[in-house]
Amino acid sequence: MTAMVVLDTVFPAAMIGWLLSQVLGVVIAKWLTPSGIAPRIRQQRILMVAFSAVLLPLVMIAAILAANLFPSSEWMASHCGTHSHDHIHACLNSAEQGALPAWQGAVALLALVMVMVSLFRTLLTERRLQQRLQALITLSNGQGRFRRLQDTRAVALAVGGSEPAVLLSSGLLNSLNPHQRRIVLAHESAHLRHGDPLRNRLVVLLLALFVPPLAKRLRTAWENALEEAADDAVTQRFDRFDVAETLLRVLSLQQLHLKGAQSVNSGDTQTRIQRLISPHQADPTTRRWFEWTCLLALPAMLVAVLVQHHAIETLLSWLGA
Amino acid sequence: MKKHTPPASHSVPALGELELTVLNLLWENPGLSPKDVHARVGTERGISVNTVQSTLDRLYKKQLLTREKQGYAYHYTAIVERDSLIANMISDVMGRFQLDGAASIAAFVQATESLADEDLARLEEEIRARRAQSGGKQ
């Protein structure tokens, strides 16, 4: 496959797939992850969107290249023969004609570079974070899954990877009563049970493929869903008001150490507390229509792009004119 | 003895497993030579004295150790306290990485979340009221 083929057919196809994933991301972030929907379903939706940034470009490439399975058919030959060289030809036969306008190529290349930089930056940050978490496990006291860190702040973390563990600071443990300690442990254990540290890492990496404001929004929605799912798991065993009180207690403890430090608004924890003390609003009748639609849409899109190959070329030519 | 300033909280260096093991050893036994360190942590791992020497050198360059020449060999001591290193690492993880927003941290409550005292009091009151409404304990 020549470089021209990659530039003129595979690359634009991948870009269209990527743009579709961004649109899907906006739809999900804006309309399909409200707090009324159960956290597990919200997580699945965000996970699907995150994967779409990889899957949709692949489907688009497959669909465009699939047209080349019929190079000698009248369907393909008549199109490539009748249209001018200025018209976009998303097929291997005509790629050498240099169909993609230069400015579109430059924009697409710029977008690719930005996505790659974002992915590289996230990979680097993740690597550094995992090194530090691993170091904290090594420096912690205790063995097995529950580790104690000598620190006066109120810290509770679920850490995944090869050595899943819950890290709890002595400041937190000393400030909570035994019942509250059990609640914190149950919450962090729920994270480990659900494999959240690893899933979290995967989602963070995949969301690096989205434009930053959208990625941030999806990441916040993901983190909230993750925490709320762990809260729900705890309320199976503990009184939800006790869980809310424990959250508030830990939040209060953290305020003591925030003086002068950089901080963010605690809207997320407040929302979690409100959710715990309100009568449950999660809609148990939520159907997985979105998930099924997405799954069915993938092969449908592949067929549609293949069948509407020429219409898409005409549309792209029109857009690029 | 040349003194070094411990690294600032925002620049905690990345530490490998061997480096942490060596640091742990030097916290408990300050003033060890590379041969001493090798005898305690290197032999069982099957690593050479040179590897241990390089690790000590890296930790020294990261300003976590100080060293003093005694005869032909340097003797190393941890310059940073264990609790201080842990505190700096937690600050790094819960501060810089969490504020960055692009890191995968599953914390019970975000360490950087701030809330005004009156909001805390309001939430506390709300929990109490809702608990009373639902007939739970006060």
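Numbers for the structure displayed
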{"quantity": "Area buried, chain B against chain A - accessible surface, total, 1.4 angstrom probe, square angstrom", "calculated": "5000"}
{"quantity": "15 Å reach of a label modelled at residue A:150, 7 Å along Cα-to-Cβ, counting backbone N of region A:167-190", "calculated": "A:169-171"}
{"quantity": "Protection-proxy order for peptides A:235-244, A:138-147, each taking the mean of Cβ atoms within 10 Å per residue, highest first", "calculated": "A:235-244, A:138-147"}
{"quantity": "Cβ-placed point charges (K, R +1; D, E -1), dipole of region A:144-279 about Cα centre in debye, nearest 20", "calculated": "220"}
{"quantity": "Contact order normalised by residue count of region A:144-279, Cα under 8 Å, 6+ apart, percent", "calculated": "22"}
{"quantity": "Residue A:106-residue A:54 FRET efficiency (beta carbon distance; Förster radius 30 Å; 0.05 resolution)", "calculated": "0.80"}
{"quantity": "Peptide A:199-210, shielding by other chains (average Cβ, 10 Å cutoff)", "calculated": "2"}
{"quantity": "Ranking by accessible area, most exposed first, for B:72, B:60 with a 1.4 Å probe", "calculated": "B:72, B:60"}
{"quantity": "Residue mean of other protein chain beta carbons inside 10 Å, A:169-182", "calculated": "1"}
{"quantity": "Test item: A:124-137 mean partner chain Cβ contacts at 10 Å", "calculated": "6"}
{"quantity": "Region A:144-279 - Rg (one decimal) and Dmax (whole number), Cα, Å", "calculated": "15.2, 44"}
{"quantity": "Simple spin-label estimate for residue B:129 and residue A:117 in nanometres, 7 Å along Cα-Cβ", "calculated": "5.0"}
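The values are calculated or read from the model by the stated rules, or taken from the named source; none is laboratory data. The structure displayed is predicted, hence computed values, not measured ones. With ideal geometry, Cβ positions are generated from the backbone for all residues, glycine too; neighbour counts draw on all protein chains shown. Side chains included, ligands, DNA and RNA excluded: accessible areas come from the protein's heavy atoms. Shrake-Rupley method; radii C 1.70, N 1.55, O 1.52, S 1.80 Å.
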